Structures are given as structure tokens and as C-alpha cells.
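J.: Here it is, the structure in full.
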Protein chains: 4
Amino acid sequence: MQGAPVACITLFLAAIMLTAPCHAQSSQGSDPDEARIQDVITASHILTNEGILDSFGHISTRSAKNPDHFFMPRAMPPALVSRADIVEVSLDCKPVSPDAPRLNGERYIHCEVYKARNDVQSVIHTHDLAVIPFSIAGIPLKPVLAQAGFLPPETPLFEVREANASEKKRGMLVLNTILGDALAKKLGANPVILMRGHGDTVVGGSVREATVRTIYTHIDAQAQSAAMALSPKITVLDNAELETNAAENFDADRPWQNYKQRLPAGQ
Amino acid sequence: MQGAPVACITLFLAAIMLTAPCHAQSSQGSDPDEARIQDVITASHILTNEGILDSFGHISTRSAKNPDHFFMPRAMPPALVSRADIVEVSLDCKPVSPDAPRLNGERYIHCEVYKARNDVQSVIHTHDLAVIPFSIAGIPLKPVLAQAGFLPPETPLFEVREANASEKKRGMLVLNTILGDALAKKLGANPVILMRGHGDTVVGGSVREATVRTIYTHIDAQAQSAAMALSPKITVLDNAELETNAAENFDADRPWQNYKQRLPAGQ
Amino acid sequence: MQGAPVACITLFLAAIMLTAPCHAQSSQGSDPDEARIQDVITASHILTNEGILDSFGHISTRSAKNPDHFFMPRAMPPALVSRADIVEVSLDCKPVSPDAPRLNGERYIHCEVYKARNDVQSVIHTHDLAVIPFSIAGIPLKPVLAQAGFLPPETPLFEVREANASEKKRGMLVLNTILGDALAKKLGANPVILMRGHGDTVVGGSVREATVRTIYTHIDAQAQSAAMALSPKITVLDNAELETNAAENFDADRPWQNYKQRLPAGQ
Amino acid sequence: MQGAPVACITLFLAAIMLTAPCHAQSSQGSDPDEARIQDVITASHILTNEGILDSFGHISTRSAKNPDHFFMPRAMPPALVSRADIVEVSLDCKPVSPDAPRLNGERYIHCEVYKARNDVQSVIHTHDLAVIPFSIAGIPLKPVLAQAGFLPPETPLFEVREANASEKKRGMLVLNTILGDALAKKLGANPVILMRGHGDTVVGGSVREATVRTIYTHIDAQAQSAAMALSPKITVLDNAELETNAAENFDADRPWQNYKQRLPAGQ
């Protein structure tokens, strides 16, 4: 009989611990940026798990509370991003907090795209091996898949040499405002821009949309490469299909849930 | 002291719940549709695990009890399909139950194929990346593997533009009876049809047969792509081989058991 | 003090259980076929784990005690092969025991190769997707890797139509003595033969040697395919290199240990 | 009753053994070679996990205490390398200890490169399947990726026939001083050399730098192969980009941490 009170207390404590995350989550409801930040963390893990992000690359979200700020992880491998690694940055590309950890050198991609595009709520930069061949072979990436209807007839290409011809040291990375601004201009109103020998930058109205666009850009590139190996002449989505496709197709939530459940336990 | 009887009751209820699936399974013997539904669930997991289904795509089985009905999962990633997600649908593409969850927009693929093909007991729609290149490069998929003898000399291709030329909004997806009927007509008596820039649809006399056909269509496409990269001139199965192959080869149970055992524990 | 005898008995029983496998293994020493059979089981799992065997394909070993017998698994996916599945077969391709389970229809590959080749102690038949493209594109597989020096300048190709032209039903599988004999004749003194649209058959002086040869045939095929995609003109191993390579290179034990340790726990 | 003290002593000894590695690690601080050796072990596991090392290939580090010595694992699959497997070798390619286990036959790669290159602190030899096609197709590997700026405009190729033309038995492996010296001469001041039909050798100022260079050589080769499949004319990094890239880009620690965290638990 003496075991019963002990058993009850144990069950009670277990119940508290199991519901603790729920308590935490319900307090997120008061901070619209917290859900966006959680998505940045999840997206970093999803895109790593899908082989699109490796040691480099980064995902950010605009702040819902302050559109002149955005959140991105400190400089680190995306696979390891956790809540403590998220830094609030202003559009002048400086961290809001003076104690912030070191940021990615290529944060200018994010800053300049957010400045140029009021519609954009999330920016993703990858070194996706599926798109790099298009960027260096001079072959335009085209929408060939039903799920890639968000792509324009030809995805723009950022050739960094066009932007840094006057620089003394001409590199490959977008490490300052001038290069970030040139990238944003070349991106224009598009959802994706390829970066020669480097990867791509993808934007969206939410982290989830940008993430799913990143994955379908990847799959579309794989499909186009494989098709062109069979024949140089391929059928791509025409204008009517591109126009209808957006209404027909892009619910980012179903793929997001699918890629999230593919994550190893604990991520 | 009164906690002990409460704890006992809780443990008893938990034991009932844990053994409930066993009770359910032993009652399947009396419902011929239950085994078919279990195969739909397993096939959804198998084709996801083999990289053929991703966030989209769906598998269905005709009802054994009522050939004018079929069962398919609600609109959701195939990897997550469980018993509670299965919906009974009639051939008019409406769910039998008024409380049914949301169905896949492309259920018309299943409805129209079941209407057109009395022999078909299972329909599978995928976005298989191995077949899409053939569908957009205008290269016919041909049987090159000993295990692909169920394929016709050239697998038919559904070009959706031939079916929706008159529609105001021309999309890529099979979202209504007209498009589903056009697909079924193009499929004819074949086991597989490619869908341009979209994927394929595979049919069979059982879920297991359709699943194994889906996998060998996938492998055959990989083999043909790789062979054509070596030489444009390849040897394909001739008519005699295709005729003999069915008798020689297609026991779906051995591959089914193999792909099932490859599933992660718990699926 | 009463806990001590209980603890001792527990430790004693645990020690017995932990050493039980050792007892079993030490009794293998008296049966030279048992080690060979264990290698057949391990090889089945290795080649499945390396993606070379799928639902089909099989590995056998000649009996050390009776060279007119060999051991192979019953008809089943190689991934699932265990000791209870091993069947002793005579070179007339009939199981030695009347109660034997069903054998693979293509056991004639093994029977006829063992008859034709006294040196061969192990035969492996796979549906390796890496070699099938060569078999249907009419491009000879050549030794391009330092570890593939066991391959001849051009690996022979078995075109089943040359052997079954007179058969009423011409299929793709080696299901009888005539076809097995034709395959063995085409194999000649070589270590590997490709089988058009089907896969390959690899032989060796032991299960370990045959297994490692199977894997390096696979990697060599991958390397040659990728090289020919860059340029039609490739450098292959010349005669002097092929001659030296055997002495320089083929210790099957190191790769065997490597592929064995890659197996998931429990296999 | 006497079992209790024996059990206690056993538990005490077990506790000592389990904490022994901790004792060992805390004493590493005084031995500058111990950290380098740990990196050799980690790098062996990283490169195996990334599919670049298989049953063969090896990693070494020069001794910090004695630059005429280096450390490499005994002849074994890299996946299994542990502390007990590390052997100290002198630049005459003989093990320092007379009781040393058997070394890799190709240790001459390491000895001769360390002799020729005072700057090199780590040597890695792989059978990387991504680079072998370039080595046999006569297509030079070029830097196409932003992260591959450490590569020269064309990576040198070691054609072993140019070094062993006079040998009676001409093989593929670097099994003596003459061949190792020829390789080192061909490597010159470069970070990487391809080895025809064999793989590559990569050097660096540390194990971490050499490891990350090995991985980016691999990815660069994949990108160049895929790009050339789209078009023979590709954009490569120009001289200004190569010059800037070193300063802009090569912090080996971030990729090292990323690849290390990708290792399965326990490695």
C-alpha cells in the first residue's frame, strides 16, 4: 500500500514533463517571430537532411514585428542550428545586439534581398550541387516539373564578375552591400537566382514556402539534367501552365510536413 | 491508499489499448477489403522508402466487396499513411462517407482508370524522378530488363495538353473527370503510362503487383537512361521475350517481401 | 549477504550465454563446409547492403567435402538469408534432401559453372544495375581501376538469344541445363560474364574472392560509365598491368572485412 | 558470502577501465602529436562516412615533435581505424618500432611527399570514384566551385607508366621509393594530384585542411562532370578568383565540424 502514493507522484511529475513543451509552445503564440524562428531551425535541418545544404548555406526569416530586421543563424553548419544560435540582424547587415556571435560573411545576400523585395519574408542561400552545373555550363534552368511552376521560363543567373569587375580582389562570395545589391537586382521579381559556380538563392513569402521552393528547384534541376542527357530537345512548362500552376499547386504545407517527418528523431 | 485501485484500472485500460490492434487484425479474416487496405498502407511506405513517392503521389485499391468503390488515403504525404487515413470513394470520385477528410485533387486518375479497366484492382500514381526525363525528352520508355517484361514495347505517354486544349486554365494536374478519362484512354490496356513533366500511373491486378511493377518501371528507366548514355543503340526485350517473360517472371510476392523487410522498424 | 549467491549465479549464467556462440563456432572447425556456408550468408547480406543484390540474385559455394555438391539459399530475397535457408544441391541441380525447400529457378547458372570450372569454389549471380547498361548498349566492360585487374581486357557477354533460338518460348532467364551450359561456355576461363538485360555472374576461388570481385566489377563499371561520359577515349589497364595486378592487389580479406563491418548491427 | 568482495573488486576494476580513456585524453595536452593522431582517426571515419574512402586509402600526419617521422594507420580499412592502429613511421618508410604491425604497401606516397614538401603536414590517399573518371578520360580537373579555389587551373595527373616503364613488372600501385618520388615530383607545389585509374593524393598544412580539401576536390569533380554533361564549354574560376579565394574561403574548421557531426554515434 505504501507504493501507491509514490506511483501517483511519479505519474504526476511525468505528466508535467510531457506537457512542458506544450506549455512552452503556447507561450509562443504571443510572439509572432518565434514561430518563424522555429521554422528557420527546422528548415536548416530539413535542407541538410535532403542533401541541399552542407557545411555552408543559410536560411533567414524577416521579422514579423519589425520588417527592417531579420533572423538568421550565426556562422555555423546548418545541421547544428538551434534556438541559441539565432541572431537578430538589421537591414544594414549589423547584428542588433552588440554581444551577437559571428555572422555569416554572406549575410549581405539576405540584407539586400529584403531591402529590394518587400514581399519576401524568407531568404535561403544554398550550394546545391544539382543547380551548380547549370550555373557554369551556361544552360538556363527551366521549369520542367508540375511542382516547379513557380520558376520563371528561365531562372536568372548571377555572374559575380559582372558586379565586381572594378574590385581589386575579385572573389566568388557576396561579402558586401555592393555585391548583395547586384544579386538582388539580378533576382528582380523572381523566386530563385542561380549563382555561378556557387549555388543559388531562393526567396518566399514564408520560410516554409522558400524551403519547399528550394527543394523543388533542386528536383527540377535533376529532372532537366537527366532529360537533356537523353535528348537536347525537351518539353518545358508553357506560359499557360506556369500561370495555372501557382493556383493549382503550391501548398507548401504538405511537402513541409513530409520533409519534416523525414528528419532523424530529435531534430 | 486509494491510488492503488486507480492505478490498477489505468494499467488494465492500457493493456486493452495495446492489444486492440491484435484484436483488429484477427477480425480481418472476415473482411476481404481489410487485407487490401493494409497493402495500400504498406505500399505507401515501401514506395516512399524506395525513393519513388515523395510528398505527393498515391496508391489505391478497388474494393473486393463492391467493385464500384475503391480505397485511397486522404490528401497527405504517403510516408505517413495509416489505417485511420484510408477513405472509401465511389467511382464518381466522391467519398462514400459525408464526414470523409479531404481527398487528393488527382483522385480522378484512380476513378477513371477503375471505370475503364475492369481488370485493374490497384492504381498507383507517382512523381518518379527516374521516368520524368523520358516524359519530357520525347524518348519512349522501353523494356530493357528481364524483370520489366510486363512493359509494352513503348510505354504510352500522356501529354495533358492534348486533353485540356479547350480549357481556360491549362494546368498539369489531373483534377477532373475529363482529364482522368483522357489519361485512361491513353493508358488503354497497358500497365503503365508516363505523364509528361509529372510522373507516371501504374496499374495491377493487386496492390502488390502494382507496387512491384512501379518499382521495376523505375529500375528499367534507370537502366535505359544509363545505357543510352553509353550508346544510342540499345538492345531491348523482343516480342518473344515479352511474351515468355510474364510466365517466367512475375511473382510479385518475393520482391514485395524484400521491399517490406527494407522498411525501417515500426512501419 | 543473501544477495551474493544470487548475484554469483546470475553472472555465471550470463557468462555461459555470452560464450555460447563461441562454443557453436568452435564446433564448426570440424566441418569445413560450415565456414563456407557462413560466408554465403554474410555475402548475401553484404551484397544487398552495397546495393548490388536486390530481391533476386544468389550466392553459392562448392562443398569442400564433396566437390559434386554445392550450397545455396532457397528461393528468397538475399537480404533475409539465414542458416536455415541453405540447401545442399548436387551438380545435376537437384537438392540432395527430398524435403528441401524450393530452389531458385536460375540454379542452373551455378550447376553448369561448377561443372565447367573445377577451379571455381563460389558463384554469384546479380542484377547489378551498374553493369546492365554495358550489357544492352553493346559497350564492352573493361578494367579501368587498379582494383579491377582481375577483369579480362573485355568481359564476355552472354546474349541469351544465341542459346535459345530454337526454344519455343524464348525467355531471359537461365532456367535449364542447356542455357546454363551455354553461359558457362561463354564464361570460359573468365572471372565475370555479363548477361544482357539481366545482370552478371561472377566466380571465384572462395566466397570472399567472388564477393569482392562482384563489388569491384560494380565499381569498375561505374568508373567506366562516368569516364565515357567525359570522353569516348579512355585509358584502360594494359596487359602488363593486368598481369602484375593479380600479384600486387588481390587480398580479398581486407575489403571483405570492410564490407562486413558496414552491415547493420545484427546481420 | 565470499562472492561479495570479489564482485566489489570486479566492479572497481571495470570502473578504472571505463575511465581510462578520460585519463588518457587529459594527458594529450602535453603531447602535440596526440591531437594530430586523433584527427587522423576522425578523418579516416569522416572520409569513409562521406563515401570517399572505401576498403583502401589512408591518411597520415607529420609528427610535430619530429618532422622526419609521420603517423599513419596500419594496413586496414579506414573505417575501423582506432588509436591502437596508429604506427609511427620514419621518412625512409620503415616503422619506428620493430614490433609495428603491417603497414600499407603504398606508404611510399606519404614518405616521398613529406620528403619533397616541407610545408605539408598531412597526406591523404583515396580511391575517390568522383575523380577517377577524369584520370582515365584525359580531361583535366578544374576548379569550378567557390569552395575549390585551392585547386590549380588544372590538377596534375600521375600516369604511373611514365615512372615504371623500365620495371619488369609494371603495376598500378605506388609500392616503392622510385614511384613515390615520381608522384611527389609530379605533385610539385600543388595541393592535389590525380592518379590514373587509381584515385588521388591530397596534401595540406594540417589533417583538417587536407581532409576538407579532399572533400571539396570530390564535390568539384562531381560538379564539373555534371556541368560537362550539359555543355562542353564551362566557366571555371579565373586567376583573380583563385588568388582571392584562399583568403576569402578556406577555414577548414567549419566543414570539419560539419562532417564530424555527420558521423554515426560512437565514431
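The values are calculated or read from the model by the stated rules, or taken from the named source; none is laboratory data. The shown structure was predicted, so the numbers you read here are calculated from the model rather than taken from an experiment. All Cβ positions, even for glycine, are placed from backbone atoms using ideal geometry, and neighbour counts span all protein chains on display.
J.: Please determine whether any residue of the range C:110-125 is crowded, with 16+ Cβ neighbours inside 10 Å, within 14 Å of chain B (Cβ to nearest Cβ), out of contact with any Pro (no Cβ under 8 Å at 6 or more places or on another chain) and under 23 Å from residue B:212 (Cα atoms).
T.: There is at least one residue in the range C:110-125 that is crowded, with 16+ Cβ neighbours inside 10 Å, within 14 Å of chain B (Cβ to nearest Cβ), out of contact with any Pro (no Cβ under 8 Å at 6 or more places or on another chain) and under 23 Å from residue B:212 (Cα atoms).
J.: Can I ask one more? Do we find that residue D:244 is at pLDDT 95 or above and closer than 21 Å to residue A:160 by Cα in this structure?
T.: no
J.: Just give me the residues in the range D:212-239 being part of a helix (DSSP H, G or I), in contact with a Lys or Arg (Cβ under 9 Å, 6 or more places away or on another chain) and among the charged types (D, E, K, R), in sequence order.
T.: D:220
J.: While we're on this one: Restricting attention to the range B:200-211, does a residue exist that is modelled with pLDDT of 95 or more, within 12 Å of another protein chain (Cβ to nearest Cβ) and part of a loop (DSSP other than H, G, I, E, B)?
T.: No - not one qualifying residue is present in the range B:200-211.
J.: Here is a follow-up. Whether any residue in the range C:152-159 is out of contact with any Leu (no Cβ under 9 Å at 6 or more places or on another chain) and over 25 Å from residue C:61 (Cβ atoms) is what I want to check.
T.: Yes, the range C:152-159 contains at least one residue that is out of contact with any Leu (no Cβ under 9 Å at 6 or more places or on another chain) and over 25 Å from residue C:61 (Cβ atoms).
J.: Go over the candidates B:133, B:143, B:156, B:95 one by one and state the one that is touching a strand residue (DSSP E or B) at 6+ places or on another chain (Cβ under 6 Å) and under 30 Å from residue C:160 (Cβ atoms).
T.: Within the list B:133, B:143, B:156, B:95, the selection yields B:156.
J.: A further question follows. Return the pairs, sorted by first residue and then second, in which the second residue is surrounded by fewer than 24 Cβ atoms within 10 Å (Cβ to Cβ) and of a type in the set (Asp, Glu), the first residue lies in the range C:190-213 and is more than 16 Å from residue C:257 (Cβ to Cβ) and in contact (Cβ under 8 Å) with a residue 24 or more places away in the chain, the beta carbons are less than 6 Å apart, and the residues are 6+ apart or on different chains.
T.: As it stands, the answer is C:196/C:159, since those pairs meet every condition given.
J.: Looking only at residues in the range B:164-212 that are touching a strand residue (DSSP E or B) at 6+ places or on another chain (Cβ under 8 Å) and of a type in the set (Ser, Thr, Tyr), which one is surrounded by the fewest Cβ atoms within 10 Å (Cβ to Cβ)?
T.: Per the criteria, the residue is B:206.
J.: In the set B:143, B:156, which member is in contact with a Gly (Cβ under 9 Å, 6 or more places away or on another chain), away from every other protein chain (no Cβ under 13 Å) and at pLDDT 95 or above?
T.: B:156
J.: Scan the range B:187-199 for residues that are more than 15 Å from residue B:140 (Cβ to Cβ) and within 14 Å of chain A (Cβ to nearest Cβ) and jot them down.
T.: Those that are more than 15 Å from residue B:140 (Cβ to Cβ) and within 14 Å of chain A (Cβ to nearest Cβ): B:197, B:198, B:199.
J.: Can you give me the number of residues within the range C:54-104 that are within 24 Å of residue C:218 (Cβ to Cβ) and aliphatic (A, V, I, L, M)?
T.: 7
J.: So for the range A:23-31 (the condition being loosely packed, with under 11 Cβ neighbours inside 10 Å, farther than 23 Å from residue A:120 by Cα and at pLDDT 95 or above), does at least one residue qualify?
T.: Checked against the condition, which is being loosely packed, with under 11 Cβ neighbours inside 10 Å, farther than 23 Å from residue A:120 by Cα and at pLDDT 95 or above, the range A:23-31 yields no hits at all.
J.: Which one of the conditions (1) within 14 Å of chain C (Cβ to nearest Cβ); (2) crowded, with 19+ Cβ neighbours inside 10 Å; (3) within 20 Å of residue D:58 (Cβ to Cβ) does residue D:228 fail to meet, given that it meets all the rest?
T.: The one condition residue D:228 does not meet is (3).
J.: A further question follows. When residue C:129 is evaluated against the numbered criteria (1) buried (at least 16 other Cβ atoms within 10 Å of the Cβ); (2) more than 26 Å from residue B:229 (Cα to Cα); (3) at the interface with chain B (Cβ under 10 Å from one of its Cβ atoms), which criterion, by number, is the only one it fails?
T.: (2)
J.: Could we say that residue D:135 is buried (at least 20 other Cβ atoms within 10 Å of the Cβ) and of a type in the set (S, T, N, Q) here?
T.: yes
J.: Being of a type in the set (A, V, I, L, M, F, W, C), more than 18 Å from residue A:48 (Cβ to Cβ), more than 15 Å from the chain's Cα centre (by Cα) and at pLDDT below 95: is that true of residue A:165 here?
T.: It is true that residue A:165 is of a type in the set (A, V, I, L, M, F, W, C), more than 18 Å from residue A:48 (Cβ to Cβ), more than 15 Å from the chain's Cα centre (by Cα) and at pLDDT below 95.
J.: Quick one: which of D:184, D:223, D:148 is more than 22 Å from residue A:126 (Cα to Cα) and either away from chain C (no Cβ under 14 Å) or of a type in the set (A, V, I, L, M, F, W, C) (or both)?
T.: D:184
J.: Considering only residues of the range A:65-104 that are surrounded by fewer than 16 Cβ atoms within 10 Å (Cβ to Cβ) and touching a residue at least 40 places away in the same chain (Cβ under 8 Å), which is nearest to the other protein chains (Cβ to nearest Cβ)?
T.: Residue satisfying both the conditions and the ranking: A:82.
J.: Which pairs do you get when a residue that is more than 7 Å from chain B (Cβ to nearest Cβ), found in the range A:252-265, comes within reach of a residue that is part of a helix (DSSP H, G or I) and of a type in the set (D, E, K, R), reach meaning Cβ atoms under 7 angstrom, with the pair 6+ apart or on two chains?
T.: A:252/A:208; A:252/A:209; A:253/A:208; A:256/A:208
J.: Could you tell me how many of the residues in the range B:120-140 are assigned to a loop (DSSP other than H, G, I, E, B) and more than 19 Å from the chain's Cα centre (by Cα)?
T.: Looking only at that region, the number is 3.
J.: Which of the residues belonging to the range C:32-64 are more than 14 Å from every other protein chain (Cβ to nearest Cβ), of a type in the set (Asp, Glu) and either buried (at least 23 other Cβ atoms within 10 Å of the Cβ) or under 21 Å from residue C:113 (Cβ atoms) (or both)?
T.: Result: C:33, C:39.
J.: When you go through (1) of a type in the set (A, V, I, L, M, F, W, C); (2) within 12 Å of another protein chain (Cβ to nearest Cβ); (3) under 30 Å from residue D:243 (Cβ atoms); (4) in a helix (DSSP H, G or I) one by one for residue D:179, which number turns out not to apply?
T.: Condition not satisfied by residue D:179: (3).
J.: Inspect the range B:240-248 for any residue being surrounded by fewer than 24 Cβ atoms within 10 Å (Cβ to Cβ), more than 7 Å from every other protein chain (Cβ to nearest Cβ) and in a loop (DSSP other than H, G, I, E, B) and give the result as yes or no.
T.: No: zero hits.
J.: Confirm whether residue D:267 is of a type outside the set (D, E, K, R), in contact with a helix residue (DSSP H, G or I) (Cβ under 6 Å, 6 or more places away or on another chain) and surrounded by fewer than 19 Cβ atoms within 10 Å (Cβ to Cβ).
T.: Yes: the conditions hold for residue D:267.
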